[in-house]
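> Structure incoming, see below.
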Amino acid sequence: MLKISVIDTKTQCRMVLEGKLIAPWTTEFRSAAENAVRDLAGRELLIDVKNLTAIGEDGKAALQQLMRPGVRFVCCGVFTRHVLKQLARVTPQKEKKA
């Protein structure tokens, strides 16, 4: 099971994920993330993964798609920190245009 909480403020949209980021709940996360990105209006998107207990391959792919400027991740613990570092290493960083 996956619980997704969205907390909107003037400066950021915070998505708090709790439980398991695995199929079939990855689809729900992708949908919620797309909605959040679409409604940012210049705010920062913060993905809080501190309370994830499992991340499947499709969950990793969903997180990796969100790794771009303007999106930050909050994690704690060895597991989530390790997964995010691995994903960041293989995510090509888009160059900023001058």
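Every number here is computed from the coordinates shown, using simple stated rules; none is lab data. Worth saying up front: this structure is predicted, and the values here are computed from it rather than measured. Note that we place each Cβ from the backbone using ideal geometry, even for glycine, and neighbour counts take in every protein chain shown.
> Rank-order 40-50, 1-11 by packing density, defined as the average count of other C-beta atoms within 10 Å over each peptide's residues, highest first.
For the peptides 40-50, 1-11, the packing ranking is 40-50, 1-11.
> Going 7 Å from the Cα of Asp8 along its beta-carbon direction, which residues of region 32-69 have the amide nitrogen within less than 18 Å of the resulting point?
In region 32-69, the label zone of Asp8 (backbone N under 18 Å from the point 7 Å along Cα→Cβ) covers 32-48.
> I want to verify the translational diffusion coefficient of the chain in µm²/s; compute it with Stokes-Einstein, Rh as the Kirkwood radius over Cα pairs, at 10 °C and 1.306 mPa s.
Diffusion coefficient, whole number: 116 µm²/s.
> Okay, next question. Starting from 0.36 nm per residue, how many nanometres of slack lie between Asp39 and Arg68 once their C-alpha separation is accounted for?
8.8 nm
> Count the DSSP beta bridges whose two residues both fall in the chain, then state the antiparallel fraction as a percent rounded to the nearest 5.
35
> Same structure, new question: So for the chain, if I pair up every lysine 8 or more residues apart or on another chain, how many of those pairs have alpha-carbons under 26 Å apart?
Here the count comes out as 17.
> A follow-up question, please. Below 8 Å, C-alpha to C-alpha, sequence gap of six or more: please give me the relative contact order for the chain in percent.
Relative contact order of the chain: 26 percent.
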